[in-house]
Amino acid sequence: MKHTISVLVENEFGVLARVSSLFSGRGFNIDSLSVAPTNDETISRITLETRGDEQILEQINKQLNKLIDVIKVIDFTDGSGIERELALVKVTAEDESRAEVLRIVDIFRAKIIDVTARSYTIETTGAPAKINAILELLRPLGLKELVRTGPVAIGRGSKGWKG
Amino acid sequence: MKMNGARILLECLKKEGVDTVFGYPGGTVINIYDELFSCKEIRHILPRHEQAGTHAADGLARATGKVGVVIATSGPGATNTVTGIATAYMDSIPMVIITGQVPTPLIGNDAFQEVDIIGITRPCTKHSFLVRDVKELATIMKKAFHIARTGRPGPVLVDLPKDVQIAQTEFKYPETIELRSYKPTVEGHPKQIERAISMLLASKKPVFYVGGGAILAEAAGELTALCDLLDVPVTTTLLGLGAYPEDRPNSLRMLGMHGTYYANMAMSDTDMLVAVGARFDDRVTGKLSTFAPHAKIIHIDVDPTSIKKNVRVDLPIVGDVKDVLVKMIKEAQAHPDKVAAFKEAIIPWKSEIEGWKAKHPLTYKHAASTIKPQYVIEKLRELSEPDVIVTTDVGQHQMWTAQFFTFTKPRTLLTSGGLGTMGYGLPAAMGAQAAFPERQVITICGDGGVQMNIQEMATLVQNGLPVKIVILNNNFLGMVRQWQELFFDKRYSQTCMELPIDYVKLADAFGAKGYRATKTDEVEETIKQGLAHDGPVIMEFMIAREEKVLPMVPAGASLNEMVLNA
């Protein structure tokens, strides 16, 4: 099962390496990973997607917490969070397919951010499932390049992660 | 007063109560050594190899419970410490490793003797720091010692660039340190402890399974008190030896691959397994799917990641082992009637165990002429002082020591359990002897492992460290040979050492004393002479070459499928 986990860490030298080498060293998967400082600039937030059964997820959670620089680990899989992802897609758009691409972009409320005679570059954001859906439609038209950020996630409700 | 970084480092060590360090000079630590030259409070011991220095710091830490400290220069000095660091990490030994680093502006330039030692040691340290500003140095040292010794202890590496050692600042050591991201759970949850005692007292076939965590937490006294109060059988892991006295009737001695028949049978049949500071290593559990199949499991550990990592757990208690055991004793004492009924109820179980003990005790065939290694170990126990510290290397001699020495006190067996590091025994003994100059320190080695750090003979002689080195010489890499005999059709590929080394002459070459026994009736006299000699000694015993460590649970088999005679 896929899990989206937020890891709040000290914004210090080498922290990302500690997190990623924990995953590789213990044979856990990382499907995607994004990292940036938070509103408190001494803290960075790593969001990652991983897979595994309950026991593996429990180990991932504990092992992350065991890292000295990890302040908090939040698993959003129980639906307590909102996930969003951004994708940039370069798609072939020639002759009759140009209109079709535009229609899809419109339906998904995506944006054209670069255009040439033979291609469109599209920016789209949303839950990972929405990104997957637009890609399904664009793929038959000719995907030249795809860049995804991987999801970031935030908890629902009025409280911040500190409570 | 302003000081340079090198001096600040030494002031920090003094503040942490460090009186002995092991280290090896080099280009990027020369400033530290310059400060050491005039430092009276810290004794510096120069090993002949940084790996040995790291094991020595580890040995000192295991023998005393203090944080071991080692200094190495950048590049090869730093990489030489890696085996020692990994050894300490696997066995949760508190250590601070200080490595020199090339000057900050050169980092990343492939400078002379530069390596990314933080990167290299990331998976085998509890934490590490690169000091980039001399103003951070004191705080980082405080953090390093705090992290090394608290929670589940472990090695912490501090990488100190040369320019930071030269730079000056005011020295101020923080009195306390608070890390928002590091707060180990020390106190066991009272409700869980209540439940644990009630579960335990309802069981009919309980066993305590005790690991090195009980020793690290200084909880041997509490463990013994609780087990005596409940009158329950106790088995220990290799690293747990000494946590519960092995000469007590309730001791099942060591369990696992080369554990006793009765300990492993008890593990296979128990209905209540209480794991205390142990981590269910594969050498302990055997085949996981048949491990303790009838048992409810209570697991006490300071490290939450140890719990449910390998086996299911019915009741976890995260906390300092000592704290939890103290509370368990109180809880049990609050229910004297239940305890009395429990003791009554487990009588059949204990007599079943006695039956196993009588059926297959630890044993070996004595030989009138050829020296049996087990006999040497028994004689060593008999002829050594009661508070002797024993270190070992890794292999057959290690298992014979674990089986036949009979450990009764914590911190008297220092051995590499998790990593299984050959070459550990001699330098670890060096560290223990440096910490306890008056105590008897014996290292028991095979002829394979002892050659991995034999150069430390020089350190022993130079520093007047009277370590007694026992070599059980079978001219084989015995444990691998045993596997080749049992599982590879006696194809002894590269396990025969072939070249016989004259260890008596070798001792002489280093300025130490050497003794050799080749027959059984020479063993006792050799040990007596060796132990009586004032300085470092090698005692070489020419043992039965193809003697095996038995019993044995073959890799991947269940604990109750032991090979008793092969």
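Suppose every K and R has +1 on its Cβ and every D and E has -1 on its Cβ; what is the size of the dipole of chain B about the Cα centre, in Debye to the nearest 20?
With only Lys, Arg, Asp and Glu charged at Cβ, the dipole is about 820 debye.
Does chain B classify as rounded, prolate or oblate by the C-alpha gyration tensor (a ≥ b ≥ c root eigenvalues; a/c under 1.5 gives rounded; else a/b over b/c gives prolate, otherwise oblate)?
Numbers: a/c = 1.98, a/b = 1.22, b/c = 1.63.
The shape class here is oblate.
Quick check: Cα centre of the stretch B:71-100 to Cα centre of the stretch B:475-546, how many Å?
29
Looking at the protein assembly as shown only, what percent of DSSP beta bridges run antiparallel? Nearest 5 please. Intermediate results must be reported in sequence, preceding the final value.
Working: 46 of 109 bridges.
Around 40 percent antiparallel, to the nearest 5.
What does the highest-first list of B:195-208, A:132-145, B:364-377, B:295-308 look like by mean Cβ count within 10 Å?
B:295-308, B:195-208, B:364-377, A:132-145
Enter the mean number of other protein chain beta carbons within 10 Å of the beta carbon of each residue in B:125-138, as an integer.
Going residue by residue through B:125-138 and averaging, the value is 1.
How large is ³J(HN,Hα), in whole Hz, for each residue of the stretch B:407-415 in order, when computed from phi with the Karplus curve 6.51 cos²θ - 1.76 cosθ + 1.60 and θ = phi - 60°, using x for Gly and Pro?
In residue order, the calculated couplings are 8, 10, 10, x, 6, 10, 10, 10, 8 Hz.
Accessible area per residue, 1.4 Å probe, Å², for chain A: what's the number?
Here the residues of chain A average 54 Å² of exposed surface.
Determine, for each peptide in B:247-255, B:426-434, B:155-163, the mean count of other beta carbons within 10 angstrom over its residues, then list the peptides with the highest first.
B:426-434, B:155-163, B:247-255
Bin all alpha-carbon pair distances of the stretch B:285-352 at 5 Å intervals from 0 and give each bin's fraction as a whole percent.
Final binned percentages: 3, 14, 16, 18, 21, 18, 10, 1.
Whole angstrom only: what separates the Cα centroid of the stretch B:345-386 from the Cα centroid of the stretch A:31-48?
58
Can you bin the stretch B:397-551 into rounded, prolate or oblate? Criterion: square roots of the alpha carbon gyration tensor eigenvalues sorted a ≥ b ≥ c, rounded for a/c under 1.5, prolate for a/b above b/c, oblate for the rest.
Prolate, because a/c is 1.5 or more and a/b exceeds b/c.
Counting DSSP beta bridges with both partners in chain B, what percentage is antiparallel, nearest 5?
The antiparallel proportion sits near 5 percent.
Counting Lys and Arg as +1 and Asp and Glu as -1, each charge on the Cβ, what is the dipole of the stretch A:66-110 about the Cα centre in debye, to the nearest 20? Intermediate values should be presented prior to the final figure.
On the way: 7 positive and 10 negative charges, 47 e Å.
Here the stretch A:66-110 has a charge dipole of around 220 debye.
Report the normalised scattering of the stretch B:170-279 as log10 I(q)/I(0) at q = 0.24 Å⁻¹, calculated by the Debye formula with identical scatterers on the alpha carbons.
-1.42
Using the per-residue mean of other Cβ atoms lying within 10 Å as a proxy for protection, in what order, highest first, do the peptides B:257-265, B:441-449, B:470-478 fall?
Most protected by this proxy first, the peptides run B:441-449, B:470-478, B:257-265.
Placing +1 on the Cβ of each Lys and Arg and -1 on the Cβ of each Asp and Glu in the protein assembly as shown, which of A:Pro151, B:Thr73, A:Ser32 has its Cα farthest towards the positive end of the resulting dipole?
My answer, from the dipole projection, is A:Pro151.
Cα centroids of the stretch B:447-470 and the stretch B:194-258: how far apart, whole angstrom?
34
Nearest 5 is fine: what % of DSSP beta bridges in the stretch B:472-566 come out antiparallel, could you say?
20
For B:Val563, what residues show an amide H to amide H distance below 5 Å, using hydrogens built from the backbone and excluding near sequence neighbours?
Here B:Met552, B:Val553 satisfy the definition.
Given Cβ point charges of +1 (Lys, Arg) and -1 (Asp, Glu) and nothing else, what value in debye, to the nearest 20, does the dipole of the protein assembly as shown about its Cα centre take?
880
Evaluate the Kirkwood expression for the hydrodynamic radius of the stretch A:1-150, namely the inverse of the mean inverse distance over all pairs of different C-alpha atoms, and round to one decimal in Å.
Computed over the stretch A:1-150, the radius equals 17.2 Å.
Find the lysine pairs in the stretch B:476-560 meeting two conditions, Cα atoms under 20 Å apart and a separation of 8 or more places or different chains, and report how many there are.
Values: B:Lys490/B:Lys548; B:Lys505/B:Lys513; B:Lys505/B:Lys519; B:Lys505/B:Lys528; B:Lys513/B:Lys528; B:Lys519/B:Lys528; B:Lys519/B:Lys548.
Taking the stretch B:476-560 as the scope, the lysine pair count is 7.
Pull out a ≥ b ≥ c, the square roots of the eigenvalues of the alpha-carbon gyration tensor of the protein assembly as shown, then state rounded if a/c is under 1.5, prolate if not and a/b is larger than b/c, and oblate in the remaining case.
Since a/c reaches 1.5 and a/b is larger than b/c, the shape of the protein assembly as shown is classed as prolate.
Shielding of B:115-124 by partners, i.e. mean partner chain Cβ atoms within 10 Å per residue?
Mean shielding by partner chains, rounded to a whole number: 2.
Averaging sequence separations of C-alpha pairs under 8 Å and six or more residues apart, then dividing by the length of the stretch A:15-163, give the relative contact order as a whole percent.
Relative CO of the stretch A:15-163 lands at 27 percent.
In peptide B:535-545, what is the residue-averaged number of other protein chain Cβ atoms found within 10 Å of each Cβ? Could the numbers behind the result be given before it?
Values: counts 0, 0, 0, 0, 0, 0, 0, 0, 0, 0, 0.
Counting Cβ atoms of other protein chains within 10 Å of each residue's Cβ and averaging gives 0.
The values are calculated or read from the model by the stated rules, or taken from the named source; none is laboratory data. Keep in mind the model is a prediction, meaning the values are calculated, not measured. Here the Cβ is made from the backbone with ideal geometry for all residues, glycine too, and neighbour counts use every protein chain on show. Remember, those area values only see protein heavy atoms, side chains included, never the ligands or the DNA or RNA. Shrake-Rupley method; radii C 1.70, N 1.55, O 1.52, S 1.80 Å.
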